[in-house]
Amino acid sequence: MSRSSLLRWALGAWVAWRLFGPEIPPRFQGPQTRPSRTPSRGVVVGRHEFLVRETGPADAPPVVLLHGWVYGATATWHRVIPLLAERHRVIAVDLRNHGRSTRIRGRFDIEDLADDVAAVLDGFGVGTATIVGYSMGGMTAQAFARRHPARVDRLVLAATAANPIDRPSSLVAAAFFVGRGLARLDQISWPRAAWHYFMRRGIFPPEHGAWLWEELLDRDVTLYYEAAFAINRFDARPWVGRLAVPALVVIPTDDQLVPAVQQYETAALLPDARVVEIPGARHEAVLTHPERLADAIDGFVRA
């Protein structure tokens, strides 16, 4: 059999396996549980419903947590929320197409996520708040501060940047198109790789393995990549320096997804921004260093 024939046979076998083969989960170790659950309720905005988790003293200053790409509020913030809830009214929003919020078909931009958050806060009766954004949530927080400046008491950006992708946007978009096509054929391989990364690095404990697997699989591939395209289009550098709000930038110094140099550059653009470094932390610092992140947020809000 020639090499080209062998490649065609292998490709055909892979496609057939992904179309007709069983979904085989990873092996989970020991009894399985899920992270502690924060009380939640839905907020209806127009035709859509957003799930919001809320805890902490009702009369305390509100702190709004915005998660990143891929993972909803629980997966992102479950270790930080209990640390903040002692002194703050914590509101964690599942952004559109993430977590348990409505899947909204079609293209959207980061600015649309910011307007969603504003509408959700209207439903909660929240006027102004400290807005905390992590990764894609940090881009949303920047857009929120630009579009709804009177509603931002303080701004916290973590593991994010004004220009999160520093490569040519056309090349990145092409890579996302290819990734979306492959993911439509094979919706298991990427979640499996992510699951093994998190578990082997000890980011999630063994007893949360089954829950994490279900979280990783709970996504619409097309909408997942719509978020990627929105991230690729986002560039706040022309205007982020005009945000007239106290700002804190938390930088994991070994961030493998949003290079630390871009995070420092974003901090330099913000007027009088305070910078807190988490030395040696990677992009998943919200999970590996929750105490450092919570302390930084708490100290900034109470200052």
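The values are calculated or read from the model by the stated rules, or taken from the named source; none is laboratory data. Small disclaimer: the values here were computed from a predicted structure and weren't measured. Every residue, glycine among them, receives a Cβ derived from its backbone with ideal geometry; neighbour counts consider all protein chains shown. These area figures cover heavy atoms from the full protein model, side chains too; ligands, DNA and RNA do not enter into them. Shrake-Rupley method; radii C 1.70, N 1.55, O 1.52, S 1.80 Å.
On the chain, 54 percent of the accessible area sits on carbon and sulfur atoms, based on a 1.4 Å probe.
Our helix-only sum for the chain, with -39,500 (n - 2.57) per DSSP H run of n ≥ 4 divided by its residues, gives a mean residue ellipticity at 222 nm of -13000 deg cm²/dmol. Largest accessible area first, the residues PHE20, PHE300 order themselves as PHE20, PHE300 under a 1.4 Å probe with ligands, DNA and RNA left out. Run through region 107-157 and list the trypsin sites (Lys or Arg not before Pro) located in a DSSP loop whose Cβ has at most 12 other Cβ atoms within 10 Å. Answer by residue number: ARG107. For region 80-190, taking the reciprocal of the average inverse distance between every pair of different Cα atoms yields a Kirkwood hydrodynamic radius of 16.0 Å. Each label was represented as a point 7 Å from its Cα along the Cα-to-Cβ direction; for ILE104 and ALA60 these points are 2.9 nm apart. Note on SER40 and LEU217: the extension gain reaches 61.6 nm, defined as 0.36 nm multiplied by sequence separation minus the Cα-Cα distance. The P(r) of region 162-233 has a tail past 18 Å containing 50 percent of all C-alpha pairs.
The mean sequence separation of alpha-carbon pairs under 8 Å and at least six residues apart, normalised by the residue count of the chain, gives a relative contact order of 20 percent. When HIS67, HIS148 are compared by accessible surface with a 1.4 Å probe, the order from highest to lowest is HIS148, HIS67. For region 52-98, relative contact order (Cα pairs under 8 Å, six or more residues apart, normalised by length) works out to 58 percent. Over all projection directions, the Cα-based convex hull of the chain averages an area of 17.4 nm². Computed over region 1-51, the range of Cα coordinates on each principal axis works out to 60, 40, 17 Å, biggest value leading. Here region 6-157 is treated with +1 on each Lys and Arg Cβ and -1 on each Asp and Glu Cβ, and its dipole about the Cα centre works out to around 480 debye.
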